[in-house]
């Protein structure tokens with residue numbers, strides 16, 4: 001327990017003057033919001049002025065970790081935590097702008113209907129930000145009163161599922177939606193996005209979907225999707241930053257024309273500045289990225305990150321097409337992988353014109369899991385010879401390369417005199 | 001974002017006038033860390049200087065120290081170090097003056113920093129210790145105090 005004694009004479013008070021109690025309410029509120037809620041409650045005993053200051057806090061954060069619930073959560077402990085929240089909410093006086101509930105171990109969403117009452121109260125109090133993190137894969141349904149929170153601007157839900165109520169008119173003000181450990185059996189995410197006209201940021205982490213998910217949004221700026229899904233259609237032409245990490249069940253191999261419109265997605269991007277395609281995302285996209293298929297130059301694109309098999313003909317071709325439409329590319333990161341089942345092509349990169357000006361603005365390249373295969377070495381050779389302003393080439397080989405190969409790498413001809421090849 | 005002057009001209013500045021009539025000429029890019037001043041610049045009412053009747057010269061100088069550092073947007077670790085030293089102040093009164101100034105001038109980062117610092121002075125302390133730290137006078141009668149403890153018993157049970 002920090003007793004403050006170690007601070008010696010720091011923050012010495014002016015003799016007999018109590019400044020803190022006379023600060024404007026908005027500042028006192030901000031200070032209290034920086035404290036764990038139990039300590040905030042303690043302030044009711046300070047003086048008459050402070051008796052009900054806690055009750056008008058605009059942000060309420062309930063974390064099970066702040067309550068010594070012990071390592072094995074028992075029924076009684078859960079009751080205490082729930083009761084505390086019940087009390088605070090019922091005695092609370094004034095708007096609640098932010099509500100955060102961190103209860104990953106406690107069975108909060110199961111019995112008792114507590115969360116329904118809490119959500120109803122929040123919807124009546126103009127809440128702007130809601131964060132609920134619960135036990136994962138419980139698939140508890142978010143109460144429908146969540147959708148009556150008309151002032152909602154930011155929502156982060158972990159471990160919950162939801163269903164849009166029939167008369168839902170949309171979240172007019174919401175700018176960020178963040179779903180974690182989310183299991184979808186229908187396109188409710190897509191419907192929610194469609195009813196959120198001002199949505200700018202959409203993050204889906206560890207999504208598990210058996211449904212056909214379709215995300216359409218013209219205002220969306222930042223998109224992050226990772227997880228396992230069987231079908232994903234993205235129409236978000238104005239995103240400036242996109243990270244897509246597509247995992248698949250073992251044994252399932254994405255085939256041509258697989259259920260993802262990733263190649264059209266990339267082709268439709270107008271304002272993209274950085275893009276990451278990980279897992280099987282680029283492999284899928286590659287089926288549709290062919291010479292001439294990417295309709296326009298992506299002038300704002302400065303960073304590309306790909307998980308890619310450079311020896312796979314389709315992927316190599318697609319990568320080449322992508323580089324060709326990104327004249328202002330400054331950073332490339334490739335997480336190299338050998339997928340093992342496609343016809344390898346060792347000479348693709350050697351056959352490309354090395355003076356084509358492909359990497360005119362490239363400043364940094366990072367290659368991870370470099371195994372020194374023909375394709376990978378061929379690509380590196382091309383890049384070094386064609387990048388006139390390259391500064392750093394970072395190659396992470398996990399100690400796979402022998403001394404001879406490493407020497408050969410370092411000896412490769414470079415177009416940029418300042419280029420530094422770093423082996424890790 | 002402030003409108004930066006073109007390369008060969010001097011960057012646009014704004015004059016801030018403290019409550020005790022000290023004048024500070026500050027680049028717009030620095031002054032606009034204050035949303036209050038930013039709106040004034042956008043509304044074009046900064047001719048002849050911006051009077052800040054709620055901030056003394058001494059405090060304004062410190063505020064500008066913060067704004068200068070943060071406007072230069074150096075790296076995160078450096079800023080963290082600076083922030084830590086910035087609030088390592090000897091007397092509480094200055095800390096409170098800074099939090100009031102940050103609120104009045106609407107400088108988000110500085111407001112968060114100073115409020116967190118004050119919160120850290122409360123954290124982990126008993127009621128009596130908090131009173132002592134901030135000179136809060138206990139004006140409850142014993143009956144009142146007993147009533148509060150009953151009213152909020154659910155919060156104190158541990």
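Nothing in this text is a laboratory measurement; each read-out follows from the coordinates by a stated rule. Note that this is a predicted model, so its numbers are computed, not measured. Note that we place each Cβ from the backbone using ideal geometry, even for glycine, and neighbour counts take in every protein chain shown.
Among the residues of A:15-27, the average count of other protein chain beta-carbon atoms within 10 Å of the residue beta-carbon is 5. The mean number of partner chain beta-carbon atoms within 10 angstrom of a residue's beta-carbon across peptide A:223-233 is 0. If one computes P(r) from the Cα atoms of chain B, what percent of pairs lie at distances over 28 Å? So the pairs more than 28 Å apart make up 38 percent of the total in chain B.
Per-residue ellipticity at 222 nm, computed for chain A from helices alone with -39500 (n - 2.57) per DSSP H run of at least four residues, works out to -6500 deg cm²/dmol.
In the distance distribution for the protein assembly as shown, Cα-Cα pairs more than 37 Å apart total 52 percent.
Here the calculated FRET efficiency for residue B:144 and residue A:405, from their Cβ-Cβ distance with R0 = 60 Å, stands at 0.15, rounded to the nearest 0.05. By the count of neighbouring beta-carbon atoms within 10 Å, fewest first, B:97, B:112, B:120, B:43 end up ordered B:43, B:112, B:120, B:97. With a Förster radius of 45 Å applied to the C-beta separation of residue B:78 and residue A:164, the computed FRET efficiency comes to 0.45.
At a 10 Å Cβ-Cβ cut-off, how would you order A:146, A:282, fewest neighbours first?
Details: A:146 24, A:282 31.
Fewest-to-most Cβ neighbours within 10 Å comes out as A:146, A:282.
P(r) tail, region A:59-352: Cα-Cα pairs separated by more than 28 Å, 46% of all pairs.
Can you give me the relative contact order of region B:1-148 as a percent, contacts being Cα pairs under 8 Å and 6 or more apart? Display every interim value, and only then the final one.
Working: 134 pairs, mean separation 28.7, N = 148.
With pairs under 8 Å counted, the relative contact order is 19 percent.
Partner shielding of B:104-116 amounts to 2, given as the average count of beta-carbon atoms from other chains within 10 Å of each residue beta-carbon. Helix A:114-123 and the longest principal axis of the C-alpha atoms of chain A enclose an angle of approximately 90°.
Our note on the geometry: Cα centres of region A:269-339 and region B:85-112, 48 Å apart. Looking at the protein assembly as shown, the DSSP beta bridges with both ends there are about 5 percent antiparallel. Residues A:201, A:407, ranked from the fewest to the most other C-beta atoms within 10 Å, line up as A:407, A:201.
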